[in-house]
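First comes the structure, then the notes that go with it.
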């Protein structure tokens, strides 16, 4: 069984920076190797920056950018993509630098700097760059530039930065990601080095001093000064000795090595959890109410189905549920429980929510008050927003996966289909080949293209709202394939519930639109429109068949009778 230490990335580092001919050193650089579990969850950060030496704030600018990138990155959720986390940090740094420039306008204290950063995570290098510092990859003695200089050629031989941190309120930061192999070497340099050194000499130096990368960096820096560099000179070398894997992989591997549990029955004890009763049984899993014999706490214990004992994709999805439940803290999302004892079998634990599923609630309340529906939907939306902020998409939101506790609080459960963007970026081929979710509640883009988005969860929520208010689905049937979707036509909710305000029907129609472009873009837009009349929908006039079906059919019958009499007279 794998453990955290065996799959963590391992690197070797060499660094050297000299003031050169300048009065002070405006370069900043660094590498952070976090402790576990951050190492596995978010990887290793490394960066270099070159503050503008013509202003007093150059040193502070470069230090601020490097420090915030290297450290604040680990304050962001591990489920976020690296791109999201890094861009938020860099955008905030840029705005702060720019604000300082505005305060110190024309005072020689402008805070402007170049920046080049790299995050090593899950076998990929995520690169962020602005300015003319550089990151170069050395592989098999071949140097490949991974950044491009943002410089403008002016009259003569003069060049100026075309982009840098702190120059404007908004900054365009180049982003790319490249695969990392064991033995890859990443070379970070400021322009005082790479403008005055021969790349082939750098390759020879690194190879000659492979066991002392600090020495290699020192020789490269000194060579640039000997070649006439008038600037600060900094070189940072990072060699990838072991690539490592993702945190979720570690969690998955540690659990998937466990055997499937035996058949459980009331009264049985497994790993200190006594089974009270079976709650749900399906072809994919068994769900039990259990009690911790040490604490008397009631828990939900979920075991995998033996039908999938040899299915690695299923096992990965099953183990992922617990990992997800550990990262989300919200009263409207079920919380995972981490076992305090060593597991002998594969299972997951969640808090026990005492109450019916939303499906049962709908059965018990066939004609609910509009305000009751709004309250439940708002709670579900709050839980979804918590997931979306973590860059997670539920993908299988339906009445069976929502529980209403005895206090009326709605909780989202079952994370077996959740899409995690921060994990997918490290596994481009890791998406399941088949659509996840449930026909009738899954959005068309999930069914047709297996491409769930945040709007896909909104579609599911709007569909649930429609069903709570009408007892029907918005298209009259489950939509389980592309052919059914092409033929589907929205059925007005007022057809099933004539007392429903027309503006709520408008909100439901937009929320369940088969086209993402026509659907709401935010959950808050939908929840607002089912509480407050949207003028766009209040101007609607319902067809006579929906407003007064009896009169409609009387009119149709009269017209048909008139046509019949007319035809007989002719």
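The values are calculated or read from the model by the stated rules, or taken from the named source; none is laboratory data. The structure presented is a predicted model; accordingly, all values stated were derived computationally and were not measured. In this analysis, Cβ positions are derived from the backbone assuming ideal geometry, glycine residues included, and neighbour counts consider all displayed protein chains.
The table below lists the values:
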item	result
Residue check for residue 141: exposed (fewer than 12 other Cβ atoms within 10 Å of the Cβ), in contact with a helix residue (DSSP H, G or I) (Cβ under 7 Å, 6 or more places away or on another chain) and assigned by TED's automatic domain parsing to the domain that holds residue 62	yes
Meets criteria (crowded, with 18+ Cβ neighbours inside 10 Å and free of Cβ contacts under 8 Å to residues at least 60 places away in the same chain) for residue 464	no
Filtered residue count, the range 252-296, keeping only those that are in a loop (DSSP other than H, G, I, E, B) and closer than 22 Å to residue 415 by Cα	8
Every residue from the range 40-66 that is surrounded by fewer than 23 Cβ atoms within 10 Å (Cβ to Cβ) and farther than 15 Å from residue 85 by Cα	53, 54, 55, 56, 59, 60, 63, 64
Those residues of the range 290-329 which are modelled with pLDDT of 90 or more and buried (at least 18 other Cβ atoms within 10 Å of the Cβ), in sequence order	290, 291, 292, 299, 300, 301, 302, 303, 304
Number of the condition not met by residue 239 [criteria: (1) modelled with pLDDT of 95 or more; (2) in contact with a helix residue (DSSP H, G or I) (Cβ under 7 Å, 6 or more places away or on another chain); (3) in the same structural domain as residue 319 (by TED's automatic domain parsing)]	(3)
Selected residue (criterion: farthest from residue 531 (Cα to Cα)) from residues of the range 470-487 that are assigned to a helix (DSSP H, G or I), at pLDDT 90 or above and touching a helix residue (DSSP H, G or I) at 6+ places or on another chain (Cβ under 6 Å)	485
